[in-house]
Structure formats: C-alpha cells, structure tokens
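**Q** Input: one structure, supplied below.
The values are calculated or read from the model by the stated rules, or taken from the named source; none is laboratory data. A quick note: this is a predicted structure, and the numbers were derived from the prediction, not measured. Heads up, the Cβs are rebuilt from the backbone with ideal geometry, glycines too, and the neighbour counts pull from every protein chain shown. To get the accessible areas, we keep the full protein, side chains included, count just its heavy atoms, and leave off ligands, DNA and RNA. Shrake-Rupley method; radii C 1.70, N 1.55, O 1.52, S 1.80 Å.
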Amino acid sequence: NSGVVCLLRPLLLDVVPSIRQTTALAFGRLADYDVEMAEAVVKAGILPQLICSLPKENRYYKKAAAFVLRAIAKHSPQLAQAVVQSGALEMLVICLEDFDPGVKEGASWGLGYIARHNPELSQAVVDAGAVPLLVLCIQEPEIALKRIAASTLSDISKHSPELAQTVVDAGAIAHLAQMIPNPDAKLKRQVLSALSQIAKHSVDLAELVVEAEIFPVVLTCLKDSDEYVKKNGATLIREIAKHTPELSQLIVNSGGVAAVIDCIGSCRGTVRLPGIMTLGYVAAHSENLSMAVIVSKGIPPLCLCLVEEHEDHIKAAAAWALGQIGRHTTEHARHVAVANVLPTLLDIFVDPRSSEDLKTKTKKALKNILQKCTYLPALEPLLHEAPPSIMKHIIGQFSKVLPHDNKARRLFVTTGGLKKVQEIKAEPGSLLQEYINTINNCYPEEIVR
C-alpha cells in the first residue's frame, strides 16, 4: 500500500551485489504472501529485470531469483504463465546446470511450481529441456536436491501419458526405483509419488515401472513409520493393480495383497484409502484374484473400515471393494456374507447422514453381493429391515434357493421369514411380486395363509 514495490524495483539493478540479492529476497517474500501481492509484483514489471542479468550473477542472487519465480508461479496458472512469458524457463534451466546444489534446488523447485498447474505449463517446462537435467539432479549426492527434483518429475508426469513418457525416455524410472530403499522419508515420499504418476496413465507405463524391479522392495514402504510413505507406497501399488489382471497377479505373487491388507489394518483415515482401492481393483479383475484377496483375509479389515471410518468417501471405497470381492460367484458372496458385511452395508445405506455418493456405492455393493448370495442365514436378518429397493434382491435370492432346498424351506417358516414375505406390498406384475409368488408356491396353501 505504501508503494514499496516501485521503490524496490530500481534496487534490482544496483551496483552492489548484496543489495540486488536482498532486494530479490524481499520481492520473493512479498510474492509468496498471497495472490494479490504476487500480481502486484508482476504488474510492477520486475520479472524482466530480475531475469536479464541472471547468468552473470553469483549463486546467492540466483537462489533469490529462483525463489521469486517460485513464489509467483505457485499461486495460479495465470501467474505461472506470466513467469513463463517473461522468459524465466530458459534461465531456470541454465540454473539446473549450475555447480552449486542450492542453485539447482531453487531452479528445480521453481520449475515444479510451474509444471504442477496444467498440461500446457508442464509441456513448456519439458520443451525448455528441463527433464534430462532433473534426472541428473536426482543422481546428485545432496538429499534436498534429490527430493525437489523427484517432486518436480512427479509434477511433470501427472498430467498426461505423453508428459510421463518424456520423463521415462530421459531414463528416470531406473534412478527413481533405486531410491525406494533410501532411509530418508521425505525423499521416499517424492520417489513413490513420481513412480505412481508415471504408472497411472497406461498399461505400458505401468509395466515399465514394474520392470524396474520395484517388487518386493516397495512392500517395505507399507510398513514405514511415515504415514505419507505408507500412503504413497499403497498408491503406487494401486496404480499398477488397476490396469490388467496380469499386473494384479504379479502383485499377488510378490505378496503384495497380504502387505496391503496389513497396511489397512495398521493405520487410520485417508492413509487407508489407496490400500482399500487396491484390494477392490485386484478383486475386480477375476474370480481367482478375488479369491486371493479372500484367502489373504482381506474382508475383515474392509469391514472394519466401514465401521471405524468417519469420512464418507473412505466408507464408500470400502463398500465398493467389498462389492468387487463378492460379485463373482456364490462362493465369493458367501465369504462376504459370513463376515457379517451385509447388515453393516444396509445400515449405512439407510442412514440419513450418509452422502448421496456413499448411498449409491453401498446400494451397488449390496446388489452385487446379493445377486450371487445363496447363503440364506445371512440374508434372513435383512428381510426385516431392508428398504424396498434392496428387498427385491433379497427376495429374489430366496426365490432361487427355496424351491430346491427342503431344509431351508422349513427354516424359512420357523424363523418368521415366510410371515415377513406375506407382509410385503408389491406392485401386481412386478418382478418383486413374481419372486413372492415363487416363494409362496413352495409351500402348501394353508401354511401361506
């Protein structure tokens, strides 16, 4: 408000190097504060001045200049675009080749903040020739530089398969994979994130990540004391599992499913989410893979998530995963039903506090499991509480089993199931009415009456 920005501007061209540097730092701190400040700094036209003499300056000025560019670029795609238009990318790329690791780190950070916004800005960073130099940076001895360079590669890769491919072509995967066992938690987070962002786009990219022999070493990350390392490790496994049955099978063979299940059991909240999704993706591919999740005792921890978690989106993911496990055959559905999942799903579905998305997911999961479930003792309790939309699926299953199972028919009368069926009001000619007729036809007239 006092017009300081205009007073500072000439100092960027002062003859004394330390004044130039301190001025750049002041601009950086102003721009870092919020969007309006960053816009004011850009409007004052300091970017061209800041950049024009950059290659000739000392390392302290370069670090300060990189800080200003990062502070402006972080706020919005528009501000990042202004940084790009000022010709900053070429200068930042020159700084990536500097001998001082601090300058490389500052430049890498600036490029990451530009690339993270959208594919166009990310492409501009690639076109400026940053990727091969960033891959060299992750091979430097300094941990801080490795972290930032890996983070920037992750930000470049996330937008599209083409951008991820440029990172792969520069040879990034092998160097990233070698760092998975590194003891530094913050570095591990970034490395796992970068590999996930590459693997998520396509089968081919996921296979390239797997070929870098990340299994079984990536499974140790699921036991890490750092929550984000756990989460990013599970995310990487999820991004590989989702593509094909073959990739899921490879995860099962390396002990990945058991490790993910342990991980879900040992943590709380959003850290669980990628693990839950992984089990759903693996189980969705085929009957055998779904059985692998069941055999590894994957159902109980997923049930726990339905009960323990407060966030609707985590419950919805657990419901979806259980639906994927139970939807294949009567055997699969029975395993899910015996674990007492159905009443829990039903409670969530009828709970007025559940979000629309959660209701949709639990309903779909219930439908998936019920359509295959012939284990009547698990269906029986649901008869007394299910709303009409679920009831038709339950009655449907009874109408399939009862005509062929003498013992089940007797039980159905003694437990009050048949009585309950008589109380259901169904539209004449509807599917539900057909199911009820089928059940009633199993019994003599007087018992039905």
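**Q** What FRET efficiency do you get for LYS425 and ASP357 if R0 is 35 Å and r is their Cβ-Cβ distance, rounded to the nearest 0.05?
**A** Working: r = 30 Å, r/R0 = 0.85.
The pair LYS425/ASP357 has a calculated efficiency of 0.75.
**Q** Turning to a different aspect of this structure: In debye, nearest 20, what is the charge dipole magnitude of region 375-448 about its Cα centre with +1 on Lys and Arg Cβ and -1 on Asp and Glu Cβ, if you could check? Walk me through the intermediate numbers first.
**A** On the way: 8 positive and 8 negative charges, 35 e Å.
In total the dipole reaches around 160 debye.
**Q** Among the listed pairs LYS188/LYS231; LYS315/LYS361; LYS146/LYS200; LYS43/LYS74; LYS231/LYS315, give every one whose C-alpha distance is greater than 20 Å.
**A** On the way: LYS188/LYS231 11 Å; LYS315/LYS361 9 Å; LYS146/LYS200 22 Å; LYS43/LYS74 16 Å; LYS231/LYS315 17 Å.
Beyond 20 Å between Cα atoms: LYS146/LYS200.
**Q** Then there's this: State the Kirkwood hydrodynamic radius of the chain in Å, one decimal place, computed from all pairs of distinct Cα atoms.
**A** Working: mean 1/r = 0.0396 Å⁻¹.
Kirkwood radius, the chain: 25.3 Å.
**Q** Of the candidates LEU279, LEU192, LEU25, which one comes out as most mobile in a Gaussian network treatment of the chain with C-alpha springs shorter than 10 Å?
**A** Maximum fluctuation in the GNM of the chain, among the listed residues, is at LEU25.
**Q** Which aspartates and glutamates, if any, have their Cα less than 12 Å from the Cα of LYS420, not counting same-chain residues under 8 positions apart?
**A** Once the sequence-local aspartates and glutamates are set aside, what remains near LYS420 is GLU380, GLU385.
**Q** If you don't mind, another one. Along the charge dipole of the chain, pointing to its positive end and built from +1/-1 on Cβ of Lys, Arg, Asp and Glu, which listed residue (GLN165, ALA318, THR414) has its Cα farthest out?
**A** Most positive-ward Cα: THR414.
**Q** Order HIS404, HIS332, HIS285 by their accessible area, 1.4 angstrom probe, all chains in place, largest first. Write out the running numbers ahead of the final one.
**A** Details: HIS404 155, HIS332 5, HIS285 55 Å².
Most to least solvent-accessible, the answer reads HIS404, HIS285, HIS332.
**Q** Let me ask something else. Within the chain, what whole-number % of the accessible surface is contributed by carbon and sulfur, with the 1.4 Å probe and all protein chains included in the calculation? Provide the component values of the computation, followed by the final result.
**A** Working: 10650 of 19800 Å².
Of the solvent-accessible surface of the chain, carbon and sulfur hold 54 percent.
**Q** Between TYR33 and LYS297, take the C-beta separation as r, use R0 = 41 Å, and let me know the FRET efficiency to the nearest 0.05. Walk me through the numbers before you get to the answer.
**A** On the way: r = 51 Å, r/R0 = 1.25.
With R0 = 41 Å, the Cβ-Cβ based efficiency is 0.20.
**Q** Rank GLY275, ASN288, ALA259 by how far each Cα sits towards the positive end of the charge dipole of region 223-293 (+1 on Lys, Arg Cβ; -1 on Asp, Glu Cβ) and give me just the farthest.
**A** GLY275
**Q** Placing +1 at every Lys and Arg Cβ and -1 at every Asp and Glu Cβ, with all other atoms neutral, what dipole size does the chain have around its Cα centre, in debye to the nearest 20? Could you put the intermediate results ahead of the total?
**A** On the way: 46 positive and 47 negative charges, 210 e Å.
That gives the chain a dipole magnitude of about 1000 debye.
**Q** Can you give the translational diffusion coefficient of region 213-373 in µm²/s, computed by Stokes-Einstein from the Kirkwood radius over Cα pairs at 20 °C and 1.002 mPa s?
**A** Values: Rh = 15.3 Å.
It diffuses with D of about 140 µm²/s by this estimate.
**Q** At 1.4 Å probe radius, can you tell me the per residue accessible area of region 213-373 in Å²? Could the numbers behind the result be given before it?
**A** Numbers: 6500 Å² over 161 residues.
With all protein chains present, region 213-373 gives 40 Å² per residue.
**Q** Quick check on my link table: of LYS158/LYS363; LYS297/LYS425; LYS372/LYS407, which ones sit more than 30 Å apart, alpha carbon to alpha carbon? Walk me through the intermediate numbers first.
**A** Details: LYS158/LYS363 33 Å; LYS297/LYS425 40 Å; LYS372/LYS407 20 Å.
Going by Cα-Cα distance, LYS158/LYS363; LYS297/LYS425 fall outside the 30 Å limit.
**Q** Looking at region 270-347, which GluC sites (Glu not before Pro) are DSSP coil and have at most 16 other C-beta atoms within 10 Å of their C-beta?
**A** Values: sites: GLU287, GLU308, GLU309, GLU311, GLU331; in loops: GLU309, GLU311.
Qualifying residues, ordered by number: GLU311.
**Q** Could you work out [θ]222 nm for the chain from helices alone, using -39500 (n - 2.57) per DSSP H run of at least four and dividing by all its residues? Round to the nearest 500 deg cm²/dmol.
**A** Numbers: 31 runs with 322 residues, N = 449.
It lands at -21500 deg cm²/dmol.
**Q** For region 213-373, with only Lys/Arg (+1) and Asp/Glu (-1) charged at the beta-carbon, what is the dipole magnitude about the Cα centre, in debye rounded to 20? Display every interim value, and only then the final one.
**A** Working: 18 positive and 17 negative charges, 89 e Å.
Charge dipole, region 213-373, about its Cα centre: 420 debye, nearest 20.
**Q** How much net charge surrounds ILE447 when only the other residues with a Cβ under 12 Å from the Cβ of ILE447 are counted, with Lys and Arg +1 and Asp and Glu -1? Mind showing how you got there, number by number?
**A** Numbers: positive: ARG409, ARG410, LYS419, ARG449; negative: GLU445, GLU446.
Around ILE447, the surrounding residues sum to +2.
**Q** Taking the Cα centre of the chain as the origin and placing charges on Cβ (Lys, Arg +1; Asp, Glu -1), which of ALA337, LEU47, THR362 is farthest toward the positive end of the dipole?
**A** After comparing all options, I get ALA337.
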